[in-house]
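**Q** Let me begin by handing over the structure; questions about it come next.
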Amino acid sequence: MNSHNKPSQRKLFQQVSIAIIVSWLVLFVFLPNLMIIGTSFLTRDDANLISLVFSLDNYSRLFDPMYLQVMLHSLNMALIATFFCLIIGYPFAYCIASMPKRAQPIMLFLLIIPFWTNSLIRTYGLKIFISTKGILNQILLGIGLIDEPLRIMYSQEAVIIGLVYILLPFMVLPLYSSIEKLDKTYIEAARDLGAKKVQTFVRVIIPLTMPGIIAGCLLVLLPAMGMFYIADLLGGAKNLLVGNVIKNQFLRLRDWPFGAATSISLTILMGLMLYFYYRVAKLLNRKDELE
């Protein structure tokens, strides 16, 4: 009798677990996003924030030169930050994957430790470090490398430094996962055929780890465009991200429909990039099967 009850209890537990997960996703993911989509097609009302009048003006305003410039500037800073995360993160991930198996969890643990502290607090710490009278300038002045303090704060460079500082682990983790699964026989075969280290890296290692590269770039690029607090603390008024536009529309200008349209446009961009990642991964898998 007990043997008959165990499968039914297991099935009941699975059904309850699935129901809880689906309910959570519907209440806190699907419905809020559905409300944002609906709001993006409505009209601003000074008295009630939103007027139930259908309009496409919110999306057409995204092509206004002022907002389009902010979008392009935000995308430019996000791309630069993604590039530096890749340049720094790839060697770091490769070094971790090349370490003995016992040392790898320790290095990954040290990489994840910063997540234990709120990113806003870490940004304030970075602000203190790179400010005019901060630790960085004191060190450089003390050893005589510079004659006057570097003015990094409230510039595009400061925003990029902040984005790289916060988002680097998001690049390293997928790269490590991809490099760690790399079949070493391909590298040995390339060396046996006379390929040098640079040729092996460019023609063998990079193509085989391309899914990790694309995944890491997506995990960095998209959040980088929305981290408004980094631009607020480090960039000043001339270095806004898309997240700053969304925040200002909702909290300062009280234009919820346009803020919702901007948010949806960022979500659509995310979807297109994820589709691009899916297509590239599918092509690479098909290429591996043919080989």
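A quick yes/no check of all residues on (1) within 21 Å of the chain's Cα centre (by Cα); (2) without any contact (Cβ under 8 Å) to a residue 24 or more places away in the chain:
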position: Leu49; (1), (2): no, no
position: Asp57; (1), (2): no, yes
position: Phe63; (1), (2): no, yes
position: Tyr67; (1), (2): no, no
position: Met71; (1), (2): yes, no
position: Asn76; (1), (2): yes, yes
position: Leu79; (1), (2): yes, no
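**Q** Going through the stretch 37-47 one residue at a time, which ones are under 29 Å from the mean Cα position of the chain (by Cα), open to solvent by less than 50 Å² (accessible area, probe 1.4 Å) and of a type in the set (Val, Ile, Thr)?
**A** So the first thing to find is which residues in the stretch 37-47 are under 29 Å from the mean Cα position of the chain (by Cα), and the list is 37-41.
Narrowing further to those that are open to solvent by less than 50 Å² (accessible area, probe 1.4 Å): 38-40.
Thr39, the sole residue that qualifies.
**Q** With a cut-off of at least 3 residues that are at pLDDT below 90 and not hydrophobic (A, V, I, L, M, F, W, C), name the helices (runs of 4 or more DSSP H) lying wholly within the stretch 1-85. It would help to see each step written out before you state the result.
**A** On the way: elements: 2-25, 31-40, 57-60.
So the answer is 2-25.
**Q** Test Ile179 against the criterion of being more than 19 Å from Ile80 (Cβ to Cβ) and modelled with pLDDT under 90, and give yes or no.
**A** On the way: more than 19 Å from Ile80 (Cβ to Cβ): yes; modelled with pLDDT under 90: no.
In short, no.
**Q** Okay, moving on. Could you please give the count of residues in the stretch 119-161 that are assigned to a loop (DSSP other than H, G, I, E, B) and either open to solvent by less than 90 Å² (accessible area, probe 1.4 Å) or of a type in the set (A, V, I, L, M) (or both)?
**A** Residues of the stretch 119-161 assigned to a loop (DSSP other than H, G, I, E, B): 131-134, 144-155.
Next, from what is left, pick out any that are either open to solvent by less than 90 Å² (accessible area, probe 1.4 Å) or of a type in the set (A, V, I, L, M) (or both): 131-132, 134, 144-146, 149-150, 152-153, 155.
Qualifying residue count, the stretch 119-161: 11.
**Q** Please work out which residue is least open to solvent (accessible area, probe 1.4 Å), limiting yourself to the stretch 6-24 and to residues that are of a type in the set (Ser, Thr, Tyr) and within 33 Å of the chain's Cα centre (by Cα). Lay out the reasoning, then the answer.
**A** As a first pass, look at the stretch 6-24 and keep what is of a type in the set (Ser, Thr, Tyr): 8, 17, 23.
After this cut, where a residue has to be within 33 Å of the chain's Cα centre (by Cα) as well, the list is 17, 23.
Details: Ser17: 38, Ser23: 59 Å².
The qualifying residue least open to solvent (accessible area, probe 1.4 Å) is Ser17.
**Q** Could you say whether any residue in the stretch 163-178 is part of a loop (DSSP other than H, G, I, E, B) and buried (at least 16 other Cβ atoms within 10 Å of the Cβ)?
**A** No, there is no match, as no residue in the stretch 163-178 is part of a loop (DSSP other than H, G, I, E, B) and buried (at least 16 other Cβ atoms within 10 Å of the Cβ).
**Q** Here is a follow-up. Kindly establish whether Pro223 is touching a residue at least 24 places away in the same chain (Cβ under 8 Å) and farther than 27 Å from Gly162 by Cβ. Working first, answer last.
**A** Working: touching a residue at least 24 places away in the same chain (Cβ under 8 Å): yes; farther than 27 Å from Gly162 by Cβ: no.
Answer is no for this residue.
**Q** While we're here: Could you grab me the full set of residues in the stretch 59-95 that are open to solvent by less than 50 Å² (accessible area, probe 1.4 Å) and more than 27 Å from Gly235 (Cβ to Cβ)?
**A** If the condition is that a residue be open to solvent by less than 50 Å² (accessible area, probe 1.4 Å) and more than 27 Å from Gly235 (Cβ to Cβ), then Ala93 is the only one that fits.
**Q** Within the bounds of the stretch 117-128, is there any residue that is over 18 Å from Phe228 (Cα atoms) and touching a helix residue (DSSP H, G or I) at 6+ places or on another chain (Cβ under 8 Å)?
**A** Yes, because at least one residue in the stretch 117-128 is over 18 Å from Phe228 (Cα atoms) and touching a helix residue (DSSP H, G or I) at 6+ places or on another chain (Cβ under 8 Å).
**Q** Here's a check for you: in the stretch 182-216, which residue that is closer than 25 Å to Leu274 by Cβ and outside any helix (DSSP H, G or I) is modelled with the highest pLDDT? Show your work before the answer.
**A** Step one: of the stretch 182-216, the residues closer than 25 Å to Leu274 by Cβ are 182, 205-216.
Still in the running and outside any helix (DSSP H, G or I): 182, 209.
Working: Leu182: 86, Thr209: 91.
Only one residue tops the list, namely Thr209.
**Q** Still on this structure, please answer the following. Within 24 Å of the chain's Cα centre (by Cα), open to solvent by 50 Å² or more (accessible area, probe 1.4 Å) and at pLDDT 85 or above: is that true of Thr262 in this structure? Working first, answer last.
**A** Values: within 24 Å of the chain's Cα centre (by Cα): yes; open to solvent by 50 Å² or more (accessible area, probe 1.4 Å): no; at pLDDT 85 or above: yes.
Here the answer is no, as Thr262 does not meet what is asked.
**Q** Mind checking whether some residue in the stretch 227-241 is open to solvent by 30 Å² or more (accessible area, probe 1.4 Å), of a type in the set (Phe, Trp, Tyr) and under 22 Å from Gln69 (Cα atoms)?
**A** yes
**Q** Got a sec? Which of Leu31, Leu56 is open to solvent by 40 Å² or more (accessible area, probe 1.4 Å) and within 29 Å of Ala231 (Cβ to Cβ)? Working first, answer last.
**A** Details: Leu31 fails: within 29 Å of Ala231 (Cβ to Cβ).
None of the others qualify; the one that does is Leu56.
**Q** Another question about this same structure. Tell me which of these Tyr124 doesn't satisfy, since it passes every other one: (1) within 30 Å of Ala260 (Cβ to Cβ); (2) within 19 Å of the chain's Cα centre (by Cα).
**A** Failed condition: (2).
**Q** Shifting gears a bit: How many residues, within the stretch 243-257, are buried (at least 17 other Cβ atoms within 10 Å of the Cβ), touching a residue at least 24 places away in the same chain (Cβ under 8 Å) and more than 16 Å from Ser74 (Cβ to Cβ)?
**A** Residues that pass the stated criteria total 3.
**Q** Which one of the conditions (1) in contact with a strand residue (DSSP E or B) (Cβ under 9 Å, 6 or more places away or on another chain); (2) of a type in the set (Val, Ile, Thr); (3) in the same structural domain as Met225 (by the TED database) does Thr39 fail to meet, given that it meets all the rest?
**A** Here Thr39 meets the rest and fails (3).
The values are calculated or read from the model by the stated rules, or taken from the named source; none is laboratory data. All of these numbers come straight from a predicted model, not from anything done at the bench. Reconstructed Cβ throughout: ideal geometry from the backbone, glycine too, with neighbour counts over all protein chains shown. Ligands, DNA and RNA are excluded from the accessible area calculation, which covers all protein heavy atoms including side chains. Shrake-Rupley method; radii C 1.70, N 1.55, O 1.52, S 1.80 Å.
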